[in-house]
Amino acid sequence: MTSTVIRRTGAANDPATHAGTVVIIGGGASGVLAACALIRCPDHRIILIEPGTTPGPGVAYGTARPWHLLNSRAAAMSADPGDPQHLLRWSHARGLPLDPADFLPRAHYGAYLADRFTHALGSGRLDHRRATATAVRPYGDGHLVLDDTGTATYADHVVLALGNPPPHRPFGISDAAYDSGAYIGDPWAPGALDAVPRDQPVLLIGAGLTAIDVALTLTLTERERGSERERGRRTPLDLISRRGLLPLAHPDRPPAPIDLDLPASRDLAPLLRAVRAAVTAGADWTAVVDAVRCRADDLWAGLDHAAQDRFLRHCQRLWEIHRHRMAPAIAARVDRLRRDGDLRVRAGRISSVEPRPGGGLTVTINDETPQWYATVVACTGPAPAPVTPGPLLGALLDEGLLRPGPHRLGLDTDPDGRAGPGLWVIGPLSRGHLWETTAIPEIRRQAEQLATAVNASRARSAPTTV
């Protein structure tokens, strides 16, 4: 460490005038929404640590191609909880006619989040430090946040807004295959899909929204990409998952909301009966799922451990395909790809993936005859946080400052996102306590709850030297 600095504001020995410092680690959607919520309280100074030049888009929106759309309607995506029309007005002001029921390009939404962060910088109480946080250590009544510029920042509160953990390694991938150039473990890494051949077999592992995005990218023609050349794929894409179930589609227009009477229950069966009864009685299934989503965190918290485990084993994938739906235009394209034979979807388990002499990978599925693929792309999404935590989270877990949540889906927190004294979690890492924690409406609500709880904590004075 080349320098050690305590960054703080306010009078050093006057708690009445001391503005507590909140450090947010991570500059994606979770970090920006947390910053926007926290600056509404004048008692805190906020520092967001993010190496990128433009906080806001993160991986979810910063890596999006023009043909990638949001999976939620524009009406649900305002960054301001007090102004549901904010995104619509922002888009109209920039020449993009937008209906509340529309599905925006993800890149456009990333620009919106970046603009929200720029606006928040104008408050004078938010700083963006272009650095990567390397460690968080208890210090006095707060923490020191160390980063790769050699700076140690004192924080009364630290908010971990790190987004999704890295993708996990699917079962059966040998070390040699994993290290080969024919295996793509992270399709969102810059340039990861650029060299995937269009005229040789390609296998996608996973059938969720990530797999859909990758399939669209690999099947678009050069004309659709903006070039005059017409190529497209000459060899179909194969897509495999354990059940072979793709996400379902949003209806063209949103259904009217319904009031679903869901009983508080420690057991799963009464909840499943209530959902089935509503659909059987004629309710639109998308409206039923949306009604469950609004109460999902409370319902999940009310289940006992055994019921949660049964849900994960038997119902999770069914929930995901109904809850995480495709935009209608995306679903129509996927249907066309399957109808034309350009995308083949099957259920199965991969037994092994090994490199083949001369290039490519040999894949065995369900112990059937091995097949050769020029490229295998893992589209299984992020691993649970404690499984592939990365160095920063790994150290915090090892030191006992963080702990895995039940079922090891994420990190354990209280309902406000508190993982320990002065240590907070927001976004996908909150999956240890919350169930719905990856979409903007839920993260926006988390940001408000976290800000309320942080603001209720009395900021205490910190040492001025280390």
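Worth pointing out:
- Size descriptors for the chain (Cα atoms only): Rg and Dmax, in that order, 23.3, 74 Å.
- The gain in end-to-end length when the HIS92 to ARG40 segment is fully stretched comes to 16.1 nm, 0.36 nm per residue minus the alpha carbon separation.
- When the residues THR54, THR286, THR362 are ordered by accessible surface, computed with a 1.4 Å probe over the protein chains alone, the sequence from largest down reads THR54, THR362, THR286.
- Simple spin-label estimate for ALA176 and ASP99 in nanometres, 7 Å along Cα-Cβ: 5.5
- The convex hull defined by the C-alpha atoms of region 119-271 has an orientation-averaged projected area of 18.6 nm².
- Only protein atoms count toward the accessible area here, which uses a 1.4 Å probe; on the chain, the carbon and sulfur part of that area reaches 52 percent.
- Rounded to the nearest 20 debye, the dipole size of region 247-386 about its Cα centre is 320 debye, using +1 on the Cβ of Lys and Arg and -1 on the Cβ of Asp and Glu.
- Projected label distance in nm at ARG310 and THR280, using a 7 Å step from Cα toward the beta-carbon: 1.7
- Calculated on alpha-carbon atoms, Rg and Dmax of region 280-387 in Å: 19.1, 59
- Each 5 Å bin from zero up to the one holding the largest Cα-Cα distance in region 267-320 carries the following percent of pairs: 4, 18, 29, 30, 14, 4, 0.
- Shape class of region 21-115 from the alpha-carbon gyration tensor: oblate, with a/c at 1.5 or above and b/c at least as large as a/b.
- Mean Cβ neighbour count within 10 Å, used as a protection proxy, ranking 439-446, 295-302 highest first: 439-446, 295-302
- Within the full protein context, the accessible area of THR364 is estimated at about 20 Å² for a probe radius of 1.4 Å.
- Anisotropy class of region 125-172 from Cα gyration tensor, a/c 1.5 cut: prolate
- Fraction of the pair-distance distribution of region 164-216 above 14 Å, Cα-Cα pairs, percent: 59
- Selection from SER430, ALA331, PRO51 lying farthest towards where the dipole of the chain points positive, charges on Cβ: ALA331
- Per-peptide average of other Cβ atoms within 10 Å, ordering 92-99, 192-199 highest first: 192-199, 92-99
- Dividing the helix sum by the residues of the chain, where each DSSP H run of 4 or more adds -39500 (n - 2.57), gives a mean residue ellipticity at 222 nm of -8500 deg cm²/dmol.
- If R0 is taken as 35 Å, the Cβ-Cβ distance between HIS119 and HIS407 corresponds to a FRET efficiency of 0.35.
- Average accessible surface for the chain: 45 Å² per residue, computed with a 1.4 Å probe over protein heavy atoms with every protein chain in place.
The values are calculated or read from the model by the stated rules, or taken from the named source; none is laboratory data. Only a predicted model underlies this, so the values are computations on that prediction, with no experimental measurement involved. Heads up, the Cβs are rebuilt from the backbone with ideal geometry, glycines too, and the neighbour counts pull from every protein chain shown. For the accessible areas, the whole protein counts, side chains as well, though only heavy atoms, and no ligand, DNA or RNA atoms are used. Shrake-Rupley method; radii C 1.70, N 1.55, O 1.52, S 1.80 Å.
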